[in-house]
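Novice: Below is the structure I would like to discuss, written out as structure tokens.
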Amino acid sequence: TQKILYPKGFTFYPLDYISPQGSLVIFNGARRAETAWLREQLANGTLESPVRIATLEGDIRMLSDFLSRPVFAANAISRKALQKGWCRATPCVLSFRNRKILAREFAVQKGEVQ
């Protein structure tokens, strides 16, 4: 038998029930300036740990090697972030505080595309 867990139309706010830790960095891996900026941030430990990294463009294997940590494709993530108005520019760092999503966009010197 099937049981109805939630009534039709029921909605909830996930951050009421979970507290994601760390930060998510969305950047454009095809831009040298953004890649260099991210590498420097990781080396200096300025990003809230654990750090998850997602790129809009670029070879994720090469980027993972360059940054010495896993890099994921950000297609679905960036689409959702853009729809919500969180990340209009890259690099963008998403973190979670007090049941809210904090989105910070950084101005990085424009660099040539790799």
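Novice: Select from segment 39-96 those trypsin sites (Lys or Arg not before Pro) which occupy a DSSP coil region and have at most 15 other Cβ atoms within 10 Å, ordered by residue number.
Specialist: Counting only loop positions with at most 15 other Cβ atoms within 10 Å, the trypsin sites (Lys or Arg not before Pro) in segment 39-96 are ARG88.
Novice: Counting helices only, and only those DSSP H runs with n ≥ 4, report the 222 nm mean residue ellipticity of the chain as the sum of -39,500 (n - 2.57) divided by its residues, in deg cm²/dmol to the nearest 500.
Specialist: Per the formula, -8000 deg cm²/dmol.
Novice: Among PHE12, PHE66, what's the order by accessible area (1.4 angstrom probe), most exposed first?
Specialist: The ranking, largest first, comes out as PHE12, PHE66.
Novice: Within segment 33-65, list the GluC sites (Glu not before Pro) lying in a DSSP loop whose Cβ has at most 12 other Cβ atoms in a 10 Å radius.
Specialist: Qualifying residues, ordered by number: none.
Novice: Antiparallel versus total DSSP beta bridges in the chain: what percent is that, nearest 5?
Specialist: Counting DSSP beta bridges with both partners in the chain, the antiparallel share is about 60 percent.
Novice: For segment 86-94, in order, what is each residue's ³J(HN,Hα) by Karplus, 6.51 cos²θ - 1.76 cosθ + 1.60 with θ = phi - 60°, in whole Hz (x at glycine and Pro)?
Specialist: Residue by residue, segment 86-94 yields 7, 10, 9, 9, 10, x, 10, 10, 9 Hz.
Novice: Ordering TYR13, TYR6 by accessible area with a probe of 1.4 Å, largest first, what comes out?
Specialist: TYR6, TYR13
The values are calculated or read from the model by the stated rules, or taken from the named source; none is laboratory data. Predicted, not measured: the structure shown is a model, and the values here were computed from it. In this analysis, Cβ positions are derived from the backbone assuming ideal geometry, glycine residues included, and neighbour counts consider all displayed protein chains. Please note that ligands, DNA and RNA were not included when accessible areas were found on the heavy atoms of the full protein model with its side chains. Shrake-Rupley method; radii C 1.70, N 1.55, O 1.52, S 1.80 Å.
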